[in-house]
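Notes follow once the structure below has been shown.
Bear in mind these aren't lab numbers, they're just calculated from the coordinates by the rules spelled out. Remember, predicted model here, so these are calculated numbers, not experimental data. Methodologically, a virtual Cβ is constructed for each residue, glycine included, from the backbone with ideal geometry; neighbour enumeration extends over all protein chains shown.
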Amino acid sequence: MSQEAVSPGDVPHEAASGQPEGLLERMERLMATLTADLTELGAELRGPKTGDGDRG
């Protein structure tokens, strides 16, 4: 199966105006989602903040 294959999630979304969402709008939405996910992952990897300085 090639990367160009269309999955069920690739159905064009409609913008708030009811018009099909353009490529730029989709890319902006995907980048915002990716940024939020990476921020959350970074916070999880850093772990809980402790003020005692004992990290080792």
Checklist outcome for this item: The answer for the net charge of residues other than T33 whose Cβ lies under 12 angstrom from its Cβ, with Lys and Arg +1 and Asp and Glu -1, is -1
Item to check | Residues whose placed amide H lies under 5 Å from that of E21, excluding near-sequence neighbours | outcome: H13, E14, A15
Checklist outcome for this item: Taking 26-34, 40-48 and ranking on average Cβ neighbours within 10 Å, highest first, one gets 26-34, 40-48
